[in-house]
Ligand code: NAD
């Protein structure tokens, strides 16, 4: 651990951006299941679906109300969860490095925002489960899931009253969750693609925490940051491909994010910033 802290401190003393990339593991200790374990599965009829089958445009196209039911259940899980020590540590880092720090998150749970991470420094690249948008893309605008829409329990179906609320306020067509599905592409207006790539190209430090490296833009962030000469650290309870990259850079921390993020961010921000 000390070698990782030293590497972070030395890298943070150099000019360049300080980036943290978070995934579902950072919210695991807040009680929100990742997509990896048994808890992530969802039953529809007689079949169990893996999240990677359900979090797709194809699933929404063929069974939109089953997919909505899954999201309305998960929305309740996220609303009841509280930010943990990792979320709070990243708020302190944002305040300490207002011009250099950016938080890139794959999490759709809104816990970084609720902990107090400023919007100007936070880039949710997979959307936000509390928001919806037009399923026909009549506009790029997002809107909050309407107040009258209930959170659902496991196995509950979307009622006709709720279906009537889940509509685009502009065209009246069906609304969809504002999330990036596995068979969809990143863009700048909705998912900060260009901004995040630019930040990665300027990175002096990149801490990756709680992600299994299954999605494309995180790979680009890590690859571009490595090419820019950033010191990369991976925080995860398990081995993963980003850990392999970090092992030959700043190092690997095999621990729950909430137990170590404090020390990692302090190693970065108690150093004098020069860039
Ligand atoms: P993932 O579920 O694929 O992987 C989670 C990773 O976190 C694993 O590598 C696991 O080993 C690690 N992990 C588990 N507990 C941890 C802990 N306490 N500390 C550190 N690491 C821990 O998640 P992903 O890589 O973020 O990608 C999955 C996709 O699912 C993303 O698109 C994301 O938007 C979505 N997702 C989001 C949430 C959320 O918003 N909380 C939850 C589940 C899935």
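Some notes on this structure:
- Taking every alpha-carbon pair under 8 Å whose residues sit at least 6 apart, region 139-275 reaches a relative contact order of 15 percent.
- Computed extension length for residue 50-residue 215: 57.8 nm, one decimal, from 0.36 nm per residue of separation with the Cα-Cα distance subtracted.
- q = 0.07 Å⁻¹, the chain: log10 I(q)/I(0) [Debye, one scatterer per Cα]: -0.25
- The convex hull around the C-alpha trace of region 81-153, projected and averaged over every direction, spans 6.3 square nanometres.
- In range of the label at residue 238: residues from region 11-39 whose backbone nitrogen is under 16 Å from the point 7 Å along Cα→Cβ: 23-29, 32-39
- Kirkwood-based Rg to Rh ratio, region 114-210, C-alpha trace: 1.04
- Size descriptor, Kirkwood hydrodynamic radius, that averages inverse alpha-carbon separations across region 112-159, Å: 13.4 Å
- Taking every Cα-Cα distance in region 1-94 and sorting them into 10 Å bins starting at zero, the pair-distance distribution P(r) comes out as 13, 33, 25, 18, 10, 1 percent.
- What the Cβ-Cβ distance of residue 247 and residue 270 gives, at R0 = 25 Å and to the nearest 0.05, is a FRET efficiency of 0.50.
- The length gained by stretching the chain between residue 227 and residue 139 to full extension, at 0.36 nm per residue less their Cα-Cα distance, is 28.1 nm.
- For region 113-169: relative contact order, % (alpha-carbon pairs under 8 angstrom, 6 or more apart): 26 percent
- To the nearest ten degrees, helix 257-269 and the longest principal axis of the Cα atoms of the chain are 50 degrees apart.
- Nearest-ten-degree value, helix 2-12 long axis tilted from longest Cα axis of the chain: 90 degrees
- For the chain, the relative contact order comes to 28 percent (Cα pairs under 8 Å, sequence separation of at least 6).
- Shape call, region 50-176: gyration tensor on alpha carbons, a/c limit 1.5: prolate
- Nearest-ten-degree value, helix 85-96 long axis tilted from longest Cα axis of the chain: 60 degrees
- On the beta carbon distance between residue 92 and residue 197, with R0 = 22 Å, the FRET formula returns roughly 0.25.
- Relative to the compact-globule estimate of 2.2 N^0.38 Å, the Cα radius of gyration of region 202-275 comes out at 1.07.
Throughout, read-outs are computed from the coordinates displayed, never taken from laboratory work. Bear in mind the structure is a predicted one, so any value in this text is a computation, not a measurement. Every residue, glycine as well, gets a Cβ built from its backbone with ideal geometry; the counts of neighbours run over all protein chains shown.
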